[in-house]
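Just so it is clear, none of the values below were taken in a lab; they were calculated from the coordinates. None of the values given here were measured: they were computed from a predicted structure. Cβ sites come from the backbone with ideal geometry, for glycine too, and all protein chains shown count toward neighbours.
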Amino acid sequence: MVPFGGWEMPLSYPTGTLEEHRLCRSEAVVFDVSHLGTVRVEGESAHRAIQGTFTNDLDRVSPGRAQYTHLLDDSGGVLDDIIVWWIDDETFDVMPNASNTQRVSDALAGAVAGDTSGQLKVRDTTAERAVLAVQGPDARQRLAAVSADAAAVGRFRVAGFEFGGHACTVAGTGYTGEDGVECAVPVAVAAEFWDALLDAGIQPAGLGARDTLRLEAGLPLHGHELGVGITPLNAGLGWVVGWDKGEFPGRSALETQRAAGVDPVLRGLTTEGRRPPREGQAVLRSGEQVGSVTSGNFSPTLGHGVAMAMLSPDVEPGDVLSLDARGGEVPAVVVEMPFVGRKP
Amino acid sequence: MRGGCGASGTVAIMNIPVELRYTKDHEWVSLDGNRARVGVTDYAQEALGDVVFVQLPTLGDEVAQGDVLGEVESTKSVSEIYAPVAGKVAEVNLALEDSPELVNGEPYGEGWMVVIELSDPAAVESLMTSEAYAALIEG
């Protein structure tokens, strides 16, 4: 177990990170992601509060859908990346990263303060539920033995289901590059639900595999590819910005950056051999530094090193650069992401 | 072995063969004449997690006790391996190039790392016995 954002989390189960990774790519695994926060936002003006707080445009989706979005500071830096579950017309579950729940709650509380309806409610419900992410090509088929309703939810859809007499929520989302769902279940039945998933042939997987899976899938991790000083545009996530909607924090900084040109930009790199590239390594072009690695590891699926790096904007896919690794320079090729699987 | 992540939580029941000698950095040594076979312990491999890359020294390298022999990288960390004894690197385990997972699967067997030809075989006597090593990790 390791400390993670105020939670004790398993880095791996006795199966081991590599086997857990393989099972997620070939069968089905479950991650306990209860450390993700849940902030319930309710009321007539909930839509307006979320629309004015985060970057993405809620009008691109509708009730019963999930949307990936960002909370920015005034300079456009990403304070958190978030999934919003639009439960029904006036009810949203906003799901920040573990250590950023307070930040996101505070930002939404600011919206409450500016609310004139007097009916907007923002409540941290993290302690009331567990969130279990069932991921992998066989995820839905095996989950169906536990709940056919949960297994049937569409990609980026949100729906209710019942387990053990309790109302639960499921979304067709995940962080692995595989098909799968995330289930929020009340703590009263969480352990029973977990056991039922294991009985259905779904193997538990820990933080180690979660990280290698998301890296192969080219998905950013807050604190690495996203953070203060890094905008969504730097991270190649311009699609997360609702340019056509109204004001939100960081908007004018993004407009300035968009006009001036984005520098640096996030790129994928692959290395030969098994040695894992590591965060912080300088990326060199003919001996000159053009950026640095934000995340890197051995890719269990590909059998060689993969990395994400913030690089100078004139670097193009196909360019051959090198990493300043301990013991010498390692060639690294710029590639399109994801490294494995389909586009997110 | 030093660096990277330490083990946390409770110490599982670890395999510590009595016939081997140990270092505080979690290397083991098996002496045969003047040849010392070296690897990392069961405790070390468990703490490392899944090993994905092992960097070994070059044949013929002369090493002093405590010199860096190589590196072990897992999905979560990088750790250095230190020479438990002084001498010349006489063999390296090339199988680890393609199958570093042997370090996890058979830390005292096929997961060995190097053989050092000792300049002074008596130096092994200065290393920890299995009892002393068990006491260290249960510490």
Legend entry - chain A - percent relative contact order, Cα under 8 Å, separation 6 or more: 19 percent
Inset, instruction - Label chain B by shape, choosing from rounded, prolate and oblate, from the square roots a ≥ b ≥ c of the eigenvalues of the Cα gyration tensor; if a/c is under 1.5 it is rounded, and otherwise prolate applies when a/b is larger than b/c, oblate when it is not. - result: oblate
Legend entry - Cα gyration tensor shape of segment A:164-278, rounded if a/c is under 1.5, else prolate or oblate by comparing a/b with b/c: oblate
Inset, instruction - Kindly write out, for segment A:149-154 in residue order, the coupling ³J(HN,Hα) from the Karplus curve 6.51 cos²θ - 1.76 cosθ + 1.60 (θ = phi - 60°), rounded to whole Hz, with x marking Gly and Pro. - result: 5, 5, 5, 8, 5, x
Inset, instruction - Amide H neighbours of B:GLN65 under 5 Å, at least 5 residues apart or on other chains, H built in the peptide plane: list them. - result: B:ALA86
Legend entry - Base-10 log of normalised Debye intensity for segment A:263-344 (one unit scatterer per alpha-carbon) at q = 0.15 Å⁻¹: -0.44
Inset, instruction - Rounding to the nearest 20 debye, state how big the charge dipole of segment A:237-312 is about its Cα centre with +1 on each Lys and Arg Cβ and -1 on each Asp and Glu Cβ. - result: 240 debye
Legend entry - For segment A:2-215: span of alpha carbons on each principal axis (Å, largest first): 52, 37, 30
Inset, instruction - Take A:ALA260, project a point 7 Å from its Cα along the Cβ direction, then tell me which residues of segment A:214-241 have their backbone nitrogen under 16 Å from it. - result: A:229-235
Legend entry - Averaged over A:262-274, number of beta-carbon atoms from partner chains that fall within 10 Å: 1
Inset, instruction - Per residue of segment A:103-111, in order, report the coupling 6.51 cos²θ - 1.76 cosθ + 1.60 (Karplus, θ = phi - 60°) as ³J(HN,Hα) in whole Hz, putting x for Gly and Pro. - result: 3, 6, 4, 4, 4, 6, 4, x, 5
Legend entry - For chain B, size of Cβ-based charge dipole, Lys and Arg +1, Asp and Glu -1, in debye: 280 debye
Legend entry - Percent of alpha-carbon pairs separated by more than 12 Å within segment A:198-255: 74 percent
Legend entry - Built amide H within the under 5 Å cut-off of A:GLY242, gap 5+: A:ASN56, A:ASP57
Legend entry - Isotropically averaged projected area of the protein assembly as shown, using the convex hull of Cα atoms (one quarter of hull area), nm²: 24.5 nm²
Legend entry - Sequence-distant residues sharing a close amide H with A:ILE230 (under 5 Å, placed H): A:VAL78
Legend entry - Shielding of A:293-301 by partner chains, average beta-carbon count, 10 Å: 2
Inset, instruction - Determine ³J(HN,Hα), in whole Hz, for all residues of segment A:197-203 in sequence, where each value follows from phi through the Karplus function 6.51 cos²θ - 1.76 cosθ + 1.60 and θ = phi - 60°; x replaces Gly and Pro. - result: 5, 5, 5, 7, x, 9, 8
Inset, instruction - Quickly rank A:173-183, A:71-81 as a protection proxy: mean count of other C-beta atoms within 10 Å, highest first. - result: A:173-183, A:71-81
